[in-house]
Amino acid sequence: MSDLHFMTASEAAALFRSGKLSPVELTRAYLDRIEALDHLIDSYITVTIERAMADAGRAEREIAAGLDRGPMHGIPYCLKDIVETEGILTTGQSRSLAQHIPTKDATLEARLRAGGAVLLGKTTTWEFAHGGPSWDVVAPPARNPWNRENHPAGSSSGTGAAIAAGMAATGIGTDTGGSIRLPAAVCGIAGLKPTYGRVSRTGVLPNSFTHDHAGPMAWTSQDVAMMLAVIAGHDPLDPGSGEVPVAGDLAQLDERVLSGLTIGVPYRWFEEEAPSSAEVREAFDAALAAMVDAGARVVPVELPSLESYADAKKTIAMAELYSIHHKTLKETPHLLGESLRYRIQCGALIRAEDYVQAMRWRTQLSRVTQAVFDTVDILAMPTAEPAGRLEATPHSWLFKHKSLTTPFNTTGNPALSVCNGFSKAGMPLSLQLVGKPFDDRLVLSVGSAYEQITPWRAKRPVLAGAEPASSAA
Amino acid sequence: MTDADTAIVSREDLRVLVRNAGLDPSDQQFEEMFDAYQHVKAMLDRLNRDFGFADEPAHVYSPLKF
């Protein structure tokens, strides 16, 4: 078998069970590729070779003996380096944690281990999932495998880049304002910000407690669903964890979901407030047309301004971020990168009243947003513009840009980014799909159905000058 | 970077806020805060504060959570 590294997790899982492929063989293929090519995209901070081979060997023996630990059994994955791993360096991409070796696994990592998955390593992130891209942190920023001069967005940069480049089958990212969906968007993969509380954040270094989500990333929505099925569920150790039971098998998606589906589109957001480029708009309109051809209908919806969601979110988040990092900022600020410092230290000046008023506004914004789902099944919009050059971003960008992803961190709705074709320059375009709280399976079903009626999953990046230009999934 | 002519909060006013918050930033950190706070102040000025007595915030304490 050639191009094992571009096999989907679903394909690999089927081949494991038929005895035609072993987890050891697949893991070896990924480790070889990481060793040969990751210096081109800097997607990993730590590669866990011994752990990976041990996990893979165990999975191989168990599957051969007829033991099935579920959909991720034997599947290689990577973890954003803010997810704590027992005995394995977890830096948060920060010099302040350059030697940090946790003594416990994060809950989601424990669930992946129990599910028999194979850890390949820890991936590059923006510092504490917030400040970046930065060059004054523990490792260089990741690069976009579709064009290594370009960025892979953030903050789950390494996970997005590694999956697109065939250096992991699946991976974990986190999302406080778009940090799963944006790397997924610009790297041409699928990434789900689950419903707030659907996936435990215990053992994940915090960014903003009330906006933090951890979630799966993979080449396809189906693979995202497989990973979600293993990590989803209530965790009493996480105060934000939802006590809503997981209904049915999250990995079993509805292939006929587009028939009769009502899609709401908040046109004003990307026509007036944050106007999309012509090619992003053209691709978005084509995506809607494809779903209408498959039986869906499209209706315009009106939502509060992007700025209102962002102002509520950033006021809350800056106060929460400052409360987390105040000691480092006061005692050893030189151990934090300039980008992170710039973005969080004014959190000290946000008054308690500001924080509470922002939280009251959040209640209103959430109510208005959830009411839209009385008339539609799902929302659709572009996720982001395609990636530009990797270069230092003005720190004030955080406060100035209008984001199509942040509203759903404010509200907690599940939101998925999938590939929506390619720009004239060859960079991935993106489509964001948003559902009702705890309707993650519907969002993934729509994403998967869309992937199946479009050709975008057949094209893989070529790491220029490093491999033959032939790769297809 | 923000200059004194375009700042909506002056360095002098920011120094008071910073001191009241118990901070003693280096010169570099103070300049970072001076630039960032122009954006933060504009954001705080835009916050909706028009709520009725009973409009609760989105974080509500649950005694069973802890």
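The values are calculated or read from the model by the stated rules, or taken from the named source; none is laboratory data. Since this is a predicted model, take the numbers as computed values, not measurements. Cβ atoms come from the backbone with ideal geometry, glycine included; neighbour counts cover every protein chain shown.
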Q. Of everything in the range A:361-382 that's surrounded by fewer than 22 Cβ atoms within 10 Å (Cβ to Cβ) and within 7 Å of chain B (Cβ to nearest Cβ), which residue is farthest from B:Phe51 (Cα to Cα)?
A. A:Ser366
Q.
I need every pair where a residue in the range A:369-381 that is under 10 Å from A:Gly264 (Cβ atoms) has its Cβ under 9 Å from the Cβ of a residue that is basic (Lys, Arg) and outside any strand (DSSP E or B), sequence separation at least 6 or different chains.
A. A:Phe373/A:Lys436; A:Asp377/A:Lys436; A:Ile378/A:Lys436
Q. What residue, among those in the range A:1-28 that are without any contact (Cβ under 8 Å) to a residue 24 or more places away in the chain and of a type in the set (S, T, N, Q), is farthest from A:Ile63 (Cα to Cα)?
A. A:Ser2
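For every residue, the table says whether it meets (1) in contact with a Pro (Cβ under 6 Å, 6 or more places away or on another chain); (2) among the hydroxyl-bearing types (Ser, Thr, Tyr); (3) crowded, with 18+ Cβ neighbours inside 10 Å; (4) farther than 15 Å from A:Arg51 by Cα.
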residue: A:Tyr77; (1), (2), (3), (4): no, yes, yes, no
residue: A:Lys80; (1), (2), (3), (4): no, no, yes, yes
residue: A:Gly87; (1), (2), (3), (4): no, no, no, no
residue: A:Thr91; (1), (2), (3), (4): no, yes, yes, yes
residue: A:Ala98; (1), (2), (3), (4): no, no, no, yes
residue: A:Lys104; (1), (2), (3), (4): no, no, no, yes
residue: A:Thr107; (1), (2), (3), (4): no, yes, yes, yes
residue: A:Leu112; (1), (2), (3), (4): no, no, yes, no
Q.
From the list A:Pro183, A:Pro194, A:Pro206, exactly one residue is surrounded by fewer than 24 Cβ atoms within 10 Å (Cβ to Cβ) and at pLDDT 95 or above. Which is it?
A. A:Pro206
**Q.** Residue identified as of a type in the set (A, V, I, L, M, F, W, C), at pLDDT 95 or above and within 19 Å of A:Gly92 (Cα to Cα) among A:Ile350, A:Ile324
**A.** A:Ile324
Q. In the range A:272-295, which residues are small (Gly, Ala, Ser), out of contact with any helix residue (DSSP H, G or I) (no Cβ under 8 Å at 6 or more places or on another chain) and either under 29 Å from A:Ser259 (Cα atoms) or within 11 Å of another protein chain (Cβ to nearest Cβ) (or both)?
A. A:Ala278, A:Ala283, A:Ala286, A:Ala289, A:Gly295
Q. Is it fair to say A:Ala139 is surrounded by fewer than 22 Cβ atoms within 10 Å (Cβ to Cβ) and outside any helix (DSSP H, G or I)?
A. yes
Q. For the range A:321-338, what are the residues that are more than 10 Å from every other protein chain (Cβ to nearest Cβ), touching a helix residue (DSSP H, G or I) at 6+ places or on another chain (Cβ under 9 Å) and not in a loop (DSSP other than H, G, I, E, B)?
A. A:Leu321, A:Ser323, A:Ile324, A:His325, A:Thr328, A:Leu335
(Q) Please go through the range A:22-46 and give me each residue that is within 30 Å of A:Ala65 (Cβ to Cβ) and part of a loop (DSSP other than H, G, I, E, B), ordered by number. (A) A:Ser22
Q. Filtering the range B:16-66 down to residues that are part of a helix (DSSP H, G or I) and small (Gly, Ala, Ser), which residue is nearest to the other protein chains (Cβ to nearest Cβ)?
A. B:Ala36
Q: Run A:Trp146 past the list (1) under 16 Å from the mean Cα position of the chain (by Cα); (2) under 25 Å from A:Ser448 (Cβ atoms) and report the number of the one that doesn't hold.
A: (1)
Q. With (1) crowded, with 21+ Cβ neighbours inside 10 Å; (2) closer than 17 Å to A:Leu120 by Cβ; (3) within 22 Å of the chain's Cα centre (by Cα) as the list, and A:Pro71 as the residue in question, which single condition is left unmet?
A. (2)
Q | Hits in the range A:232-252 (condition: under 22 Å from A:Thr410 (Cα atoms) and in contact with a helix residue (DSSP H, G or I) (Cβ under 6 Å, 6 or more places away or on another chain)) | A | A:Asp235, A:Pro239
Q: Identify, by number, the condition in (1) acidic (Asp, Glu); (2) within 30 Å of A:Val292 (Cβ to Cβ); (3) surrounded by fewer than 16 Cβ atoms within 10 Å (Cβ to Cβ) that A:Glu353 doesn't meet.
A: (2)
**Q.** Residue in the range A:395-403 that is within 28 Å of A:Ala278 (Cβ to Cβ), surrounded by fewer than 24 Cβ atoms within 10 Å (Cβ to Cβ), more than 22 Å from the chain's Cα centre (by Cα) and within 14 Å of chain B (Cβ to nearest Cβ) present
**A.** yes
